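Notes for the one structure printed next.
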Amino acid sequence: MPNEQKKIIAVDDNPENLTIIKDTLKDIYEVYPCQAASKMFELMEHLTPDIILLDVEMPVMNGYETIKNLKSDEKYKQIPVIFLTVLDDIKSEIDGLSLGAIDYIHKPFIASLLIQRIKTHIALAEYQKIEVITMATVIAMENIKEGFVLVDDKNNYLSSNPAARKMFPDISKLSKGESILSVTSWPEELKSIENDFVEFSINNGEKTTYFKAGISPVFLEEKTFIARIFLFMDITDNVNLMKDLQKAAYVDSLTGIYNRKHFVELADAEIKRAVRMEQIIYVAMLDIDFFKRVNDTLGHDAGDIVLKEVASIIQKTIRSYDLFGRFGGEEFIILFTVMDKDEAYNMAERIRKNIEQNVINYEDNKLKLTASIGLAQLVIDQPLQSAIRNSDEALYKAKNSGRNQVKIFGE
């Protein structure tokens, strides 16, 4: 608090001296009298003084021994000590100052002089604290991974740290007083925001980097707006993680196509659109023939390659607006709109032939595969699951009819 009184500990074995000191300073400072150094150390377990006034000639532990103990303890070594003593010879003064005292005042003292000396030393101590804080702040800004940019009230550049200059290389070309808005890479999102948090991205042609920026105004005495601080955090890893998590929620991790859950979600929307357009909808269920044999003879790595290759063939064969997903295991599902049944059959037949004609190289093996496909028309006003069951039934029929063929439900 601005009006908080500074604390002074006065150590003197003479109670009369302590009374004089307290009466002299009590209107300006909080004074804590101690008749022995031991009492001072006990007191400092509970409070930290701004200055210690220390007598030299005291029983048990004199002033010189006391200051040695103070300066050897990390907790107390920074506390300013002023000797207040009747010893007025040069040697005693030199001894006291050489032990770390900041001043040496003779008794009897002049009240106004003592007060002025104390004020001066407290002011110097406060200034040193400010210097330390300023230096620490500069060092911290230079070493933090967040970007720091300071501009004045008119968005003219004042300073930045290395992290910010790495994020926005053009800042390095700015001179103090030039507009930060002249920086080519300065985000559009930051040109009109005065006090908020905003997320934005920068693409340098090779990769996209995502940032979160906090903008804080700086006021003089809480009234006059004088500057603005931008603090930037690179959140690319977090954004990419969220994208991966979102992708994992609807994409099959092996083949990169939609998983069953998301296929069904998208299919519902696609069916509504097709119904409005009065289009015919077919569902195709595809199963890789003798897939288990691949896993049993060549291992699951070979099986994974087969699944990815078949997914790729189907993806390249169907149209960009057809819906395609992995239904489970070696089964794939496709939903497409057609003009009639023949178009649906021809589409399925192209997929089957492309799979049959493909050769997969795995180690020293050349794998030739086939697939069976079941087709079913989605009947308006019936659920998607009904068409899926029908296409699965047609698939079962294709399997039992010798595999490597397309069967339409009901035929």
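Readers should treat all values here as calculations from the given coordinates under stated rules, not as data from a laboratory. What you see is a predicted model, and the numbers here were worked out from it, not measured in a lab. Note that we place each Cβ from the backbone using ideal geometry, even for glycine, and neighbour counts take in every protein chain shown.
Tell me which lysines have Cα within less than 27 Å of residue 6's Cα, excluding those fewer than 8 residues away on the same chain?
Residue 6 reaches 22, 26, 39, 68, 71, 75, 77, 107, 119, 129.
Can you tell me the FRET efficiency between residue 346 and residue 36 if r is taken as the Cβ-Cβ distance and R0 is 60 Å, rounded to the nearest 0.05?
0.05
Over all pairs of distinct alpha carbons, what does the Kirkwood formula give as the hydrodynamic radius of region 7-140, in Å?
15.3
Specify the inter-centroid distance of region 4-52 and region 159-208, based on alpha-carbon positions, in whole Å.
54
For the chain, give the share of DSSP beta bridges that are antiparallel, in percent and rounded to the nearest 5; count only bridges with both residues there.
That works out to approximately 70 percent antiparallel.
Quick one, can you get me the convex hull of the C-alpha atoms of region 144-238 expressed as volume per residue in Å³?
So the per-residue Cα hull volume is 101 Å³.
Relative contact order for region 144-238: what is it in percent, counting Cα pairs under 8 Å that are at least 6 residues apart?
Relative contact order here is 29 percent.
Along the charge dipole of the chain, Cβ charges K/R +1 and D/E -1, which of 387, 111, 87 sits furthest on the positive end?
Farthest along the dipole direction, towards plus: 387.
If you stretched the chain out fully between residue 78 and residue 98, how much longer would it get, using 0.36 nm times the residue separation minus the C-alpha to C-alpha distance?
That works out to 5.7 nm of additional length.
Taking the Cβ of each residue in 231, 84 as the centre, tally the other Cβ atoms inside 10 Å and list the residues starting with the fewest.
By the 10 Å Cβ count, ascending, the order reads 231, 84.
Which cross-chain or sequence-distant (5 or more) residues have an amide H under 5 Å from the amide H of residue 178, H modelled 1.01 Å from N in plane?
When sequence neighbours closer than 5 places are left aside, the close amide H contacts are 157.
Only Cα pairs under 8 Å and at least 6 apart count here; give the relative contact order of region 37-108 as a rounded whole percent.
30
With each label point set 7 Å from Cα along the Cα-Cβ vector, what nm distance links residue 60 and residue 23?
Simple spin-label model gives 2.6 nm for this pair.
Roughly how big is region 65-145's charge dipole about its Cα centre, with Cβ charges of +1 (Lys, Arg) and -1 (Asp, Glu), in debye to the nearest 20?
220
According to the Kirkwood expression over distinct Cα-Cα pairs, how big is the hydrodynamic radius of the chain, in Å?
Its Kirkwood hydrodynamic radius stands at 29.9 Å.
Let a ≥ b ≥ c be the square roots of the eigenvalues of the Cα gyration tensor of region 73-198; is it rounded (a/c under 1.5), or, if not, prolate (a/b larger than b/c) or oblate?
It comes out prolate by the Cα gyration axes.
Using unit Cβ charges (K, R positive; D, E negative) and no other charged atoms, how large, in debye to the nearest 20, is the dipole of the chain about its Cα centre?
1740
Around residue 289, which amide H atoms from residues at least 5 apart in sequence, or from another chain, sit under 5 Å from its own amide H, with H modelled in the peptide plane?
For residue 289, whose amide H was placed from the backbone, the distant partners under 5 Å are 370, 371, 372.
List the lysines whose Cα sits under 18 Å from the Cα of residue 191, skipping any in the same chain fewer than 8 residues away.
Partners within reach: 154, 212.
Can you sort 92, 98 so the residue with the fewest Cβ neighbours within 10 Å comes first?
In order of increasing Cβ crowding within 10 Å: 98, 92.
Name the residue farthest towards the positive end of the dipole of region 135-263 from the options 208, 151, 255, assuming +1 on Cβ of Lys and Arg, -1 on Cβ of Asp and Glu, about the Cα centre.
About the Cα centre, the residue reaching furthest to the positive side is 255.
Got a sec to turn the phi values of region 28-44 into Karplus ³J(HN,Hα) couplings, 6.51 cos²θ - 1.76 cosθ + 1.60 with θ = phi - 60°, whole Hz, x for Gly and Pro?
Couplings: 10, 10, 7, 10, 10, x, 9, 8, 7, 4, 4, 5, 4, 5, 5, 5, 6 Hz.
Which of 139, 78, 66 sits closest to the plus end of the dipole of region 7-140, meaning its Cα is farthest towards the positive end, when Lys and Arg get +1 and Asp and Glu get -1 on the C-beta?
Farthest towards the positive end: 139.
Could I have the simple spin-label model distance between residue 176 and residue 237, label points 7 Å from Cα toward Cβ, reported in nm to one decimal?
About 3.5 nm separates the two model spin labels.
Based on DSSP H runs of at least 4 residues, each adding -39500 (n - 2.57), what is the mean residue ellipticity at 222 nm of the chain after dividing by all its residues, to the nearest 500 deg cm²/dmol?
-13000 deg cm²/dmol
If the only charges are +1 at each Lys and Arg Cβ and -1 at each Asp and Glu Cβ, what is the size of the charge dipole of region 144-238 around the Cα centre, to the nearest 20 debye?
The dipole magnitude comes to about 320 debye.
Indicate the gyration tensor shape class of region 251-408 (rounded, prolate or oblate), computed on the Cα atoms with a ≥ b ≥ c the square roots of the eigenvalues: a/c under 1.5 is rounded; otherwise a/b larger than b/c is prolate and the rest oblate.
Cα axes put region 251-408 in the prolate bin.
In whole Å, what three semi-axes, largest first, describe the equivalent ellipsoid of region 48-102 built from its Cα gyration tensor (square root of 5 times each eigenvalue)?
Taking √(5λ) for each eigenvalue gives 18, 12, 10 Å, largest first.
How do 24, 48 line up, fewest other C-beta atoms within 10 Å first?
Final ranking by Cβ density, sparse to dense: 48, 24.
Out of residues 5 or more away from residue 5 or on other chains, whose amide H comes under 5 Å of its own, with H placed 1.01 Å from N in the peptide plane?
For residue 5, no residues qualify.
Mean separation of Cα pairs under 8 Å and 6+ residues apart, divided by the residue count of region 264-411: what relative contact order is that in percent?
Value for region 264-411: 29 percent.
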